[in-house]
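I have a structure I would like to understand better, so I am pasting it below and will then ask my questions one at a time.
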Amino acid sequence: MNSTEKVEFEQVSENKEKIVVTSSKKNLEGKLCECLKNRELPDYLLYTGAGGAKNWLKLDGAETFPVARQLKVLLEKNLESIVRFIPTGMSLVSVGVGNGEKERIFLEALVRKNLAENPASGKVSIRYYPIDINSELVDIALEKVENLPVEKKGIVGFIEDMSTLKKNWRLPVLFCILGNTFCNYEPEFILQLVRENLEQGDLFFFDANLLPSEGTEAQSARRSVLGTYASRENALFNMYPLLHYGMAPEDFDFELLLAHVNSRIGGVYRTRKSLYILKDTELTIGAETIGFREGDVIHMGFTYKYTYDQITAFLEICGFEILKAFLSEGRANAIILAKKRI
Ligand SMILES: C[S@@+](CC[C@H](N)C(=O)[O-])C[C@H]1O[C@@H](n2cnc3c(N)ncnc32)[C@H](O)[C@@H]1O
């Protein structure tokens, strides 16, 4: 990925500022055209553009898609124990912040802890940096904490540009990737990126929806994944850019499969998503028209489904030490607080 080109500042309101870090991907409509011409639709394009925020918030609210909500419940349940591990005065950075609900819960607990430790001052010194590729989601996350006594600076940018994003935050940081977002990246890519950009004294906090340990044989793995991703709401979420730019729902089909792939720690499961074009059709994006033929296949992003032990193995080989981990019943979800090994 190319380096960042430009940074723009915008005062959202008093005590609240938003920065737009425009990157090589700044022309997102152009990027969508280019990808579709190559018969690709990477997942980040599901969250961008005119309706990207609405697309995600709708899926997140759907009864049939409880992934991010289950992770929120696990966070709430273990909040006090996690917060005990967070030194006073740390900044909270959350990339892929979405609507910022989990961060609000976290910040409330950090504020309480700071006040309890320093009751005489009546003040807390916490900075919060909600970061997302979707500017609307950054606004929503900022609004969610409007009445909390923390300094806020929203950032619109890509996690891949972390080395530029970090110039905007005050150290030390608690760097968060929540809502199962960790599983949408190649494990060694994301862990190396985080490791390279965290300083000594920073902490790394993330969550994951897991493959229960007893479900590692192919059949139960498939059942677990299909149970999570096979709903109509999830299909619509993945079909959104094609529908938004005018394709009819009957002109294509969404398919989700589970693949077993090799990695440095052995075989792991990963979803494989595709859109199948069922009839010759065209899409118009801005000034561009893209033609599709019956039988074309558009390849999409993926989600890894790890067991807890596989995640700990990746953390180990990528130079992280786990400080605290919390698992839900049946090892279906995990939240992990780690730091880089020096
Ligand atoms: C699965 S949602 C999780 C949202 C939220 N953290 C939660 O727990 O509900 C992923 C979020 O990451 C954002 N996102 C996707 N690709 C990104 C990227 N490359 N860099 C930063 N944010 C990204 C999306 O806009 C979306 O808000």
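Just to check I understand the Karplus step: with θ = phi - 60° and J = 6.51 cos²θ - 1.76 cosθ + 1.60, what whole-Hz values come out for segment 146-159, glycine and proline as x?
Ordered by residue, 3J(HN,Hα) equals 3, 8, 8, x, 10, 7, 10, 9, x, 10, 9, x, 9, 4 Hz.
Could I have the simple spin-label model distance between Glu282 and Glu29, label points 7 Å from Cα toward Cβ, reported in nm to one decimal?
1.7
Taking only DSSP H segments of four or more residues, each worth -39500 (n - 2.57), what value at 222 nm results for the chain once the sum is divided by all its residues, to the nearest 500 deg cm²/dmol?
On the way: 10 runs with 115 residues, N = 342.
Rounded to the nearest 500, the figure is -10500 deg cm²/dmol.
Rg(Cα) of segment 300-342 divided by 2.2 N^0.38 Å?
Rg over 2.2 N^0.38 Å, computed on Cα atoms: 1.27.
Any chance you could list the semi-axes, whole Å, largest first, of the equivalent ellipsoid that the Cα gyration tensor gives for segment 228-281, using √(5λ)?
The equivalent ellipsoid of segment 228-281 has semi-axes of 28, 12, 9 Å.
Work out, step by step, the length gained on full extension between Lys339 and Thr88: first 0.36 nm times the residue separation, then minus their alpha carbon distance; give nm to one decimal.
Answer, rounded to one decimal: 88.7 nm.
Now, a different point. So between Ile105 and Leu148, what do we pick up on full extension, going 0.36 nm a residue minus the alpha carbon distance?
Working: separation 43, 0.36 × 43 = 15.48 nm, distance 1.09 nm.
Extra length from Ile105 to Leu148 when fully extended: 14.4 nm.
Kirkwood hydrodynamic radius (Cα pairs, Å) of the chain?
Value: 21.1 Å, from the Cα pair sum.
Run the numbers on segment 94-188 and let me know its relative contact order in percent, using alpha-carbon pairs under 8 Å that are six or more apart.
35
Next question. Within segment 61-82, whose backbone N sits under 19 Å from a point 7 Å along Cα→Cβ of Ala230?
63-67
List the GluC sites (Glu not before Pro) within segment 43-95 that DSSP assigns to loop and that have no more than 16 neighbouring Cβ atoms inside 10 Å.
Glu63
Which GluC sites (Glu not before Pro) does segment 170-261 hold that lie in a coil by DSSP with at most 13 other beta carbons within 10 Å?
Sparse-neighbourhood loop GluC sites (Glu not before Pro): Glu199, Glu217.
Would you kindly state how much longer the chain becomes between Arg222 and Leu257 on full extension, computed as 0.36 nm times their sequence separation minus their alpha carbon distance, in nm to one decimal?
On the way: separation 35, 0.36 × 35 = 12.60 nm, distance 0.82 nm.
Stretched out fully, the Arg222 to Leu257 stretch lengthens by 11.8 nm.
Taking Cα pairs under 8 Å and at least six residues apart, what relative contact order does the chain come out at, in percent?
19
Same structure, new question: Short version: what are the Cα gyration tensor semi-axes of segment 86-169, square root of 5 times each eigenvalue, largest first, in whole Å? Write out the running numbers ahead of the final one.
Values: eigenvalues 113, 38, 17 Å².
Whole-Å semi-axes of the equivalent ellipsoid: 24, 14, 9.
Under 5 Å between amide hydrogens, which residues at least 5 positions from Ser263 or on another chain qualify, with H placed 1.01 Å from N in the peptide plane?
Excluding prolines and chain starts, which carry no amide H, the hits are Val268.
Quick one: Karplus J couplings for segment 276-291, per residue in order, coefficients 6.51, -1.76, 1.60, θ = phi - 60°, nearest Hz, x for Gly and Pro?
9, 7, 9, 7, 4, 7, 9, 10, 10, 10, x, 8, 9, 10, 10, x
Continuing with this model, one more query. Give the percent of DSSP beta bridges with both residues in the chain that are antiparallel, rounded to the nearest 5.
If I count the DSSP bridges inside the chain, around 65 percent turn out antiparallel.
Please give the helix 308-317 orientation as an angle from the longest Cα principal axis of the chain, in degrees from 0 to 90, rounded to the nearest 10.
Orientation of helix 308-317: about 70 degrees from the principal axis.
Under a GNM of the chain (C-alpha, springs under 10 Å), which listed residue has the highest mean-square fluctuation: Leu148, Leu171, Leu211?
Of Leu148, Leu171, Leu211, the Gaussian network model singles out Leu148 as fluctuating most.
Something else about it: Cα atoms only, segment 190-342: Rg and Dmax in Å?
19.4, 56
While we're on this one: Which of these, Ser224, Ser91, Ser81, has the largest mean-square fluctuation under a Gaussian network model of the chain (Cα springs below 10 Å)?
The residue with the greatest mean-square fluctuation here is Ser81.
Using amide H atoms built in the peptide plane, which far-off residues or other-chain residues are under 5 Å from Ile126 H to H?
Residues meeting the criterion, in which the H sits 1.01 Å from N, are Glu151.
Under a GNM of the chain (C-alpha, springs under 10 Å), which listed residue has the highest mean-square fluctuation: Leu242, Leu75, Leu278?
Judging by the Gaussian network model, the answer is Leu278.
From the backbone phi of segment 117-124, what are the Karplus-calculated ³J(HN,Hα) couplings (6.51 cos²θ - 1.76 cosθ + 1.60, θ = phi - 60°) in whole Hz, Gly and Pro given as x?
7, 9, x, 5, 6, x, 10, 10
Read-outs throughout are calculated quantities, based only on the coordinates presented, and are distinct from any laboratory measurement. Model, not experiment: these values are computed from the prediction. Neighbour counts are summed over all protein chains in view; Cβ atoms, including those assigned to glycine, are modelled from backbone coordinates with ideal geometry.
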